[in-house]
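Written below as structure tokens is the structure these notes are about.
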Amino acid sequence: MKGEIIEAGSLQSDAEISCDVCVIGSGAGGAVLAAGLVERGLKVVMLEEGGYHTKKEFDLQEGNAYPMLYQDRGLRSTADVAITILQGKSVGGSTTVNWTTCFRTPARILEHWRRVHGVEGLDLATLTPHFEAVEERLAIHEWPVELANANNRVLWDGCRKLGWEVAPLRRNVKGCVNSGYCGVGCPIDAKQSTLITYIPDAVERGMTLFSNVRAERIEVERGRVSSIRGVALDRRTHRPTGRRVVVRPKVAVSSAGAINGPALLLRSGLDDNGRVGKRTFLHPVVIMAADFAEPVNAFYGAPQSVGSHHFEDRGPEKIGFFLEVPPVHPMLAATAFAGFGREHQDFMARLAHINAMIALSIDGLLPGDDGGTVSLHEDGRPRIDYPVGEGLKESFRASCVAMARIQLAAGAREVRSLHFESVRIRSEADLPLLEKAPYGALRHAITTAHQMGGCAMGADPATSVVDSSLRHHRIPNLFVVDGSVFPTSLGVNPSETIYALAHWARDRVAGAV
Amino acid sequence: MSISRRTILKYGLGGALLLGAAGTGIALQRTRLRQPARPLRALDQRTFSILAAVADRITPGTHGFPSAATLEVPEKIDDLLSRAEPGLLDEMRQALLLVENGLAGLLFDGRPRPFTALSPEGQDAALRSMKESALPIRRTVYKALQGLCAAVYYASPEIYPLVGYPGPPDFGNLAAVGDRP
């Protein structure tokens, strides 16, 4: 029997429902898992805090998209505002707004998890059929370099001139017209987000999805989850309507992501070992902007079609990084460039000629690199703290120098760092200026679109939250299936790892019902 | 953004001093009020006026660009905040009062007057001082306000031609956009 999507903001009375599995969150983890559970004949209820928005509402205007489709109306950041956090909040989660780049989990990361964090049974051979399954459903395939926009060509050309590794990326798109608006909701459903794939798959087979419901607490009685208590939110204001949604499942799954998921567990008092919200990783991003004589028009074209992992392994003492490019739409660019007044106007006036490049630091692999922390504000909102230590500062510095060299090699007239006091580079002779610049929190733009960790999987209940089957160490009918279970960051864009992990987790969760 | 008591404690004496200055100094100062173009939904007139003054310096109406006020940037931010978590709104109010506070200005910039009472040049100097401050919390306040004002201003379609952005493509003409692999 077909299920339904219920917009909870319009509920006229409280809702109470029993089911086999309640999945909290509709993104890369929750959607893939739920589709597999209904395939197995289970009754699934999904709760999603964001709204149900489809291509009809995607007008490609940043001013509408970010408040509609991103966490905290697009204002999510670390507590000190040093790191801007781009994270989706709607049916489909971050898959509705991500830039479509897909990687299988690197073998070296899986091996690190096994060796250092005691993760058992998750090797490449085990995951390969799950990668293959999600790649088929999501149409993940290599994007031809010939279709790369000029923004990506800078990374491609610059790396090749320097003799550095660079490769085409794979994207989850079908019938993509190369418009460049993945980050504000695909207007033609070319992006194979969970919004148009696994969610409709699951609803078609009977899943009930409540949108606009914030899961406030997971109630545990006699050592087992007894209910999920949610509040209905108004579709426009996102404020509680006063209606409540209570789900009584046999098994509960948190797929709320690496920030809201740990926050939910903390609100529920499920942190007996003090590990919930710890070791939160962000792939912290620094950005360089290059000015070219010819237009780059980086607002058009697939946002990411090439990438470089030339610097992913910089030796045992240093944090590695990888390189990609972002779309350069006016609002994103204006917030990343921290100046004001005339300086800011001058920068923005060159927007069509700007190439932007990003370096994503691979956090969590070195001993002592514990990333950040998710805790709670007094009102229950998640609070994210992420100290930028010396290792990361060194990575930022090396990243900025590497990006400047690529941009210069590709023919940039001038390269600018996005420091609060921007460093301007016109040739390699100027690179020492970048070396000497200050790095760290609130010295330059730092962003993240990859949130990981906070409910780490591992063998030791003292140092992790869930075991290697993603089951909570202490509560047998509670699972966590999303990027929060990563013991470290990945060194690649995380969506496909989450898809595949959720696909692998289907039998484990179903077996617990 | 968070300027909770816990955060202030983390930032130590400087942060505590700032918070104290904001608390005690506020009552002594008079903000130059501005009239919003429409009824406010989240901010009060005082914090709206401070925001409007900041926005007009972040994105001034010069060199062919319209002012933030012309684009009703502060009114749009007020609307956005009315749909954000209440805690976020509280933090934004605190940030604005910190910017306005003359005592904090005296301590850090040598300017005893409220931000809204300063000349445009004085306001620029105050913002620059925050941006370059050795105190992280002052840079936090700068970054929060700069980001919000710049985001709302440059999300305005009126600005697109000024930055060479033709705007989103017309999907009635898909063939013009690109190929379809």
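For the range A:294-307, indicate whether the set of residues that are touching a residue at least 60 places away in the same chain (Cβ under 8 Å), under 29 Å from A:SER179 (Cβ atoms) and not in a loop (DSSP other than H, G, I, E, B) is non-empty. Checked against the condition, which is being touching a residue at least 60 places away in the same chain (Cβ under 8 Å), under 29 Å from A:SER179 (Cβ atoms) and not in a loop (DSSP other than H, G, I, E, B), the range A:294-307 yields at least one hit. Among the residues of the range A:69-81 satisfying the criterion of being part of a loop (DSSP other than H, G, I, E, B) and within 7 Å of chain B (Cβ to nearest Cβ), which is nearest to A:VAL374 (Cα to Cα)? Only one residue fits best here, namely A:ALA79.
Residue under question is A:SER179, and the condition is that it be in a loop (DSSP other than H, G, I, E, B) and more than 9 Å from chain B (Cβ to nearest Cβ); does it hold?
In short, no.
For A:THR241, the conditions (1) open to solvent by less than 40 Å² (accessible area, probe 1.4 Å); (2) touching a strand residue (DSSP E or B) at 6+ places or on another chain (Cβ under 8 Å); (3) among the hydroxyl-bearing types (Ser, Thr, Tyr) all hold with the exception of (1).
Of the strands (runs of 3 or more DSSP E) entirely within the range A:340-447, those holding at least 1 residues that are of a type in the set (S, T, N, Q) and within 21 Å of the chain's Cα centre (by Cα) occupy A:354-361, A:373-376. Might you let me know whether the range A:110-133 holds any residue that is surrounded by 24 or more Cβ atoms within 10 Å (Cβ to Cβ) and among the acidic types (Asp, Glu)? No; the residues of the range A:110-133 include none that is surrounded by 24 or more Cβ atoms within 10 Å (Cβ to Cβ) and among the acidic types (Asp, Glu). Considering only the range B:120-151, state which residues are within 7 Å of chain A (Cβ to nearest Cβ), under 26 Å from A:ASP72 (Cβ atoms) and touching a residue at least 24 places away in the same chain (Cβ under 8 Å). Listed by number, the residues that qualify are B:LEU127, B:PRO136, B:THR140, B:ALA144, B:GLN146, B:ALA150.
Flag set for A:ALA65, criterion: closer than 30 Å to B:PRO166 by Cα, under 22 Å from the mean Cα position of the chain (by Cα) and aliphatic (A, V, I, L, M).
Candidates in the range B:35-47 are the residues that are more than 10 Å from B:ARG93 (Cβ to Cβ) and in contact (Cβ under 8 Å) with a residue 24 or more places away in the chain; of these, the one that is least open to solvent (accessible area, probe 1.4 Å) is B:PRO36.
Give the residue that is most open to solvent (accessible area, probe 1.4 Å), with candidates limited to residues of the range A:451-487 that are charged (D, E, K, R) and out of contact with any helix residue (DSSP H, G or I) (no Cβ under 9 Å at 6 or more places or on another chain). Break it down stepwise before answering.
Just the residues of the range A:451-487 that are charged (D, E, K, R), to begin with: A:460, A:467, A:471, A:474, A:482.
This time we only want the ones that are out of contact with any helix residue (DSSP H, G or I) (no Cβ under 9 Å at 6 or more places or on another chain), so: A:467, A:474.
On the way: A:ASP467: 43, A:ARG474: 112 Å².
So, considering only residues that are charged (D, E, K, R) and out of contact with any helix residue (DSSP H, G or I) (no Cβ under 9 Å at 6 or more places or on another chain), the one most open to solvent (accessible area, probe 1.4 Å) is A:ARG474.
Here's the yes/no breakdown for (1) open to solvent by less than 30 Å² (accessible area, probe 1.4 Å); (2) touching a Ser or Thr at 6+ places or on another chain (Cβ under 7 Å); (3) within 18 Å of A:ALA82 (Cα to Cα):
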| residue | (1), (2), (3) |
| --- | --- |
| B:GLU91 | yes, yes, yes |
| B:ASP109 | no, yes, no |
| B:ARG113 | no, no, no |
| B:PRO120 | no, no, no |
| B:GLN123 | yes, no, no |
| B:ALA126 | yes, no, no |
| B:MET130 | yes, no, yes |
| B:SER133 | yes, no, yes |
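Have a look at A:SER399, A:SER427, A:SER375 and point out the one that is closer than 30 Å to A:LEU266 by Cα and among the hydroxyl-bearing types (Ser, Thr, Tyr).
A:SER375
Restricted to the range B:1-75, the set of helices (runs of 4 or more DSSP H) holding at least 1 residues that are modelled with pLDDT under 95 comprises B:5-11, B:13-25.
Which residues, counting only those in the range A:121-150, are within 14 Å of chain B (Cβ to nearest Cβ) and either under 19 Å from A:VAL492 (Cβ atoms) or under 22 Å from the mean Cα position of the chain (by Cα) (or both)? I'd like the intermediate steps shown before the answer.
From the range A:121-150, those within 14 Å of chain B (Cβ to nearest Cβ) are A:139-150; that's our starting set.
Within the range A:121-150, A:ALA139, A:ILE140, A:HIS141, A:GLU142, A:TRP143, A:VAL145, A:ALA148 qualify.
When B:PHE115 is tested against (1) under 19 Å from A:PRO67 (Cβ atoms); (2) touching an Asp or Glu at 6+ places or on another chain (Cβ under 6 Å); (3) more than 9 Å from every other protein chain (Cβ to nearest Cβ), exactly one condition is not met: (1).
Of all the residues in the range B:55-89, those that are more than 9 Å from chain A (Cβ to nearest Cβ) and either open to solvent by less than 10 Å² (accessible area, probe 1.4 Å) or more than 18 Å from B:TYR154 (Cβ to Cβ) (or both) number 7.
The values are calculated or read from the model by the stated rules, or taken from the named source; none is laboratory data. Given the structure is predicted, the values throughout are model-derived calculations rather than measurements. Heads up, the Cβs are rebuilt from the backbone with ideal geometry, glycines too, and the neighbour counts pull from every protein chain shown. When the accessible area is computed, the model is the full protein with side chains, heavy atoms only, and any ligands, DNA or RNA have been set aside. Shrake-Rupley method; radii C 1.70, N 1.55, O 1.52, S 1.80 Å.
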